[in-house]
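A.B. asks: The structure that follows is given in the form of structure tokens.
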Amino acid sequence: MTSAQFEIQLIASLVAIACAIPGTFLVLRKMAMISDAISHSILPGIVIGFFITQDLNSPLLILLAAITGIITVVLVEYIQKTGLVKEDTAIGLVFPILFSIGVILIAKNANDVHLDVDAVLLGELAFAPFDRVLAFGVDLGPKSLWVIGSILIITIGLLIAFFKELKISTFDAGLAASLGFSPIGIHYGLMTMSSITTVGAFDAVGAILVVALMIAPAATAYLLTNDLKRMLLYSIGFGVFCALSGYWLAHGLDASIAGSITTMLGLVFLLVYLFAPNKGVLAVIYREKQQRTEVSLLTFLLHLKNHSEESERHVNHLNEHINWQKVRAKTVLDLALKNNMIQFDKNIVSLTTKGEAFTSQAIDYIITNEDGKIEHMKEDFFLFRG
Amino acid sequence: MPFLSGLKQNIMSNNIAVQIDDLTVAYNYKPVLWDIDLEIPEGVLMAIVGPNGAGKSTLIKSILGILKPIAGSVSIYGKPYDKQRSQVAYVPQKGSVDWDFPTTALDVVMMGTYGSLGWIKRPGQKEKKAALEALEKVGMLPFKNRQISQLSGGQQQRIFLARALVQNASIYFMDEPFQGVDATTEIAIINILKELRKAGKTVIVVHHDLQTVPEYFDWVTFLNVKKIATGPVKDIFNDDNLTKTYGINYKVSIQE
């Protein structure tokens, strides 16, 4: 690995971390689309800043772009507050207009300078190591590394200082306000940080990848944990993993680094979306199937308990009476047998002592409206789950 | 000494916990609350009743500074709310938050301690202990590590109540705490509210079920954009005021 390769991966990883932190809160606040809006509409800020400074990494440029980001949020909220259009419509109105102003500014004035729409949209991480910081003739590393490194340090500092405030105003803005934590202040603080991060990151990775790095890792982490701190750590982990693996994917395919990282982000999300232990699609399907079987079992046992007459408990009668398909009836019967809930006597089914106890307790809970306790009961009675 | 204790009681009940003068709140020029004057004495368990859109939640939110009124003033024990935050606890409507938020029951209750911590400072062992005690009080200690989406509606409401208890305030505002809870939880909640009153706290509840007003509360405010009436339940909870609040010939059978 050359030092340029190392630097690219380092920048990509730092960008991933800097994006994952505000991204987690944006996802929880259901504001993912706002990051998309910010990433596009900061273009005029960048262009104007570039005309003034002639330097893509100037702090003034970052400042102007961040201000444009805030203007976007304010405009969206203002339009939304009139009640004439919904939030998604307001976002869809504001950012293309600001973005197009940026596009026109570039086309009119910057034909011959190093700033074009492609670079803004897609970025080019591969070139990041060529633009270096020199002080007194000493090479201090790539400029992008300095920019994103500073932003990351500020982000982490703010996160540690205001973690509690961010959490409470995201979860319950009303309570936050009544306790004297300004949720509006926190909101605009988060928006400012998201804008600054977007500008800092997007020179390296482009507008589209910035959005992916903010939203995808947080959305993936959300499916895996019920703890905010862990969600932050997982987001960071996924972001860095995709940054590094994406880099090597691009290296192997000789393709765009930004594109490959985004592809990895999509891939990882898809895997987690399908296979996450509790919230994943497969887990949900499995759980629903299991619940269906368990409810069927309970219905079946209740039926046996309710009817002492043999005709109601004959195997053939059960099949037609409860009206289940063969497969389902067999699953339920097997489960009941395996758990020692029922016994057969010449095709007559009856409850065992254990089956009696289980059924009576279940009825008790259902009558007293404490359905929740049935879950615990299952752990006591079931050796095998359906 | 019955005389002295009687005197003390008298002084206590003469204290005004919440004073509202000429409060008007509007959304888009339409008044939601109109020129409300209201005095809430210390130590009452008060229901705010009124039809949908009467401004009940708005009244609470304006008292707590969550909404800005166009006119009027609110004082808590004679001072503006900003100066008295630590005296006040708030239980918002259950539906006002996202219960899929990645956090546990204990963590939500801990949020009640954030106000006394102020900015930046983090909760420590002391706050955790207070939160556990509050969970115990509402019977939710066994669920402390549950993710909040895995709690039933009644359990979520108890968590909200515990979060208010942990603030150890003098005045409690609750927005429909009985919304969507089962009978057991309703009884558990009202018992805790009665305990709070016994401890000299003032409890103000937005309430929907008129049948239970005489049983649960000792003070009531009728509200429908304007204040219709306020006072002791036994004096003013009658068909006349109900009709004025809810419209034509509203009758409720009040159990004697």
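The values are calculated or read from the model by the stated rules, or taken from the named source; none is laboratory data. The structure presented is a predicted model; accordingly, all values stated were derived computationally and were not measured. FYI the Cβ positions are ideal-geometry reconstructions off the backbone, even for glycines, and counts take in every protein chain you see. Side chains included, ligands, DNA and RNA excluded: accessible areas come from the protein's heavy atoms. Shrake-Rupley method; radii C 1.70, N 1.55, O 1.52, S 1.80 Å.
A.B. asks: Whether any residue in the range A:179-193 is touching a residue at least 40 places away in the same chain (Cβ under 8 Å) and open to solvent by less than 10 Å² (accessible area, probe 1.4 Å) is what I want to check.
C.D. replies: Scanning the range A:179-193 turns up at least one residue that is touching a residue at least 40 places away in the same chain (Cβ under 8 Å) and open to solvent by less than 10 Å² (accessible area, probe 1.4 Å).
A.B. asks: Hey, which of the strands (runs of 3 or more DSSP E) in the range B:22-133, taking only ones fully inside, have at least 1 residues that are within 14 Å of chain A (Cβ to nearest Cβ)?
C.D. replies: B:30-41, B:71-76, B:88-91
A.B. asks: Counting only residues that are under 16 Å from the mean Cα position of the chain (by Cα) and under 15 Å from B:Phe178 (Cβ atoms), give me the strands (runs of 3 or more DSSP E) lying completely in the range B:189-233 with at least 1 of them.
C.D. replies: B:202-206
A.B. asks: Here is a further query. Restricting attention to the range A:165-189, and to residues there that are closer than 23 Å to A:Asp227 by Cα and aromatic (Phe, Trp, Tyr), which single residue is farthest from the other protein chains (Cβ to nearest Cβ)?
C.D. replies: A:Phe181
A.B. asks: Being in the same structural domain as A:Ala204 (by TED's automatic domain parsing), farther than 19 Å from A:Ala12 by Cβ and in a helix (DSSP H, G or I): is that true of A:Leu271 here?
C.D. replies: yes
A.B. asks: Now for a separate question. Of everything in the range B:141-158, what is of a type outside the set (A, V, I, L, M), away from chain A (no Cβ under 11 Å) and in a helix (DSSP H, G or I)? Give them in sequence order.
C.D. replies: The answer is B:Gly153, B:Gln156, B:Gln157, B:Arg158.
A.B. asks: What number of residues within the range A:274-316 are over 30 Å from A:Thr225 (Cβ atoms), in a helix (DSSP H, G or I) and free of Cβ contacts under 8 Å to residues at least 40 places away in the same chain?
C.D. replies: 11
A.B. asks: What number of residues within the range A:283-308 satisfy the criterion of being open to solvent by 80 Å² or more (accessible area, probe 1.4 Å) and either touching a Leu at 6+ places or on another chain (Cβ under 6 Å) or charged (D, E, K, R) (or both)?
C.D. replies: 4
A.B. asks: Take B:Val138 and tell me if it is among the aliphatic types (A, V, I, L, M), touching a residue at least 12 places away in the same chain (Cβ under 8 Å) and more than 12 Å from chain A (Cβ to nearest Cβ).
C.D. replies: So B:Val138 fits the description; yes.
A.B. asks: In the range A:1-93, which helices (runs of 4 or more DSSP H) lie fully inside it and hold 1 or more residues that are basic (Lys, Arg) and within 14 Å of chain B (Cβ to nearest Cβ)?
C.D. replies: A:59-81
A.B. asks: In the list A:Gly149, A:Gly141, A:Gly237, A:Gly137, which residue meets the criterion of being open to solvent by 20 Å² or more (accessible area, probe 1.4 Å) and more than 18 Å from the chain's Cα centre (by Cα)?
C.D. replies: A:Gly137
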